[in-house]
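Trainee: Let me begin by handing over the structure; questions about it come next.
The values are calculated or read from the model by the stated rules, or taken from the named source; none is laboratory data. Since the model is a prediction, treat every value here as computed from it, not as a measurement. Every residue, glycine among them, receives a Cβ derived from its backbone with ideal geometry; neighbour counts consider all protein chains shown. When the accessible area is computed, the model is the full protein with side chains, heavy atoms only, and any ligands, DNA or RNA have been set aside. Shrake-Rupley method; radii C 1.70, N 1.55, O 1.52, S 1.80 Å.
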Amino acid sequence: DLVESGGGLVQTGGSLRLSCVASGRTFSTTVMGWFRQAPKKEREFVAASAGSGNTYYGDSVKGRFTISRDNAKNTVHLYMNNLEPEDTAIYYCAAAPFLRAGWTLTPVQEFDTWGQGTQVTVSS
């Protein structure tokens, strides 16, 4: 299971931290990811953290968002800075056993477990 928290309402330029607690799998080797979905749009890859320590980011959030993990607490965080109205969406935590070659082409399909989502709203 994955349980997200930390969403909310923030003004443009503000910051938020999302958290996701995982259970039921070996967290330290699991790939943890964040996705988001705005109304009437497809689910979009935001960031991922592999067990190796490698991190990956979607183009729209590079330089503004940071993913980090705490293996001792089975938790992954998403630090979001300089938020924009375009960041408004439901944010989902996701988990995958590993990342296949070429995974960035269809990132949603790589993840087999999803949280319930947490709303982030950025006001202008």
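Trainee: Please state which one of 30, 66 is buried (at least 19 other Cβ atoms within 10 Å of the Cβ) and polar (S, T, N, Q).
Mentor: Going through 30, 66 in turn, the sole match is 30.
Trainee: Considering 91, 57, which residue is on the phi < 0 side of the Ramachandran plot, of a type in the set (Ser, Thr, Tyr) and open to solvent by 30 Å² or more (accessible area, probe 1.4 Å)?
Mentor: 57
Trainee: Working only within region 34-54, note down all residues that are open to solvent by 80 Å² or more (accessible area, probe 1.4 Å) and among the small types (Gly, Ala, Ser).
Mentor: 52
Trainee: Step by step: first the residues of region 87-113, then only those that are of a type in the set (A, V, I, L, M, F, W, C) and closer than 13 Å to residue 30 by Cα, then the one that is nearest to the chain's Cα centre (by Cα). Which residue is that?
Mentor: This residue is 93.
Trainee: Given the criteria open to solvent by 40 Å² or more (accessible area, probe 1.4 Å), of a type in the set (Val, Ile, Thr) and either over 19 Å from residue 21 (Cα atoms) or in contact (Cβ under 8 Å) with a residue 40 or more places away in the chain (or both), does residue 104 qualify?
Mentor: Yes, satisfied.
Trainee: Is region 53-66 home to any residue that is hydrophobic (A, V, I, L, M, F, W, C) and over 23 Å from residue 122 (Cβ atoms)?
Mentor: no
Trainee: For region 69-86, give me each residue that is within 12 Å of the chain's Cα centre (by Cα) and open to solvent by less than 10 Å² (accessible area, probe 1.4 Å).
Mentor: Within region 69-86, 76, 78, 80 qualify.
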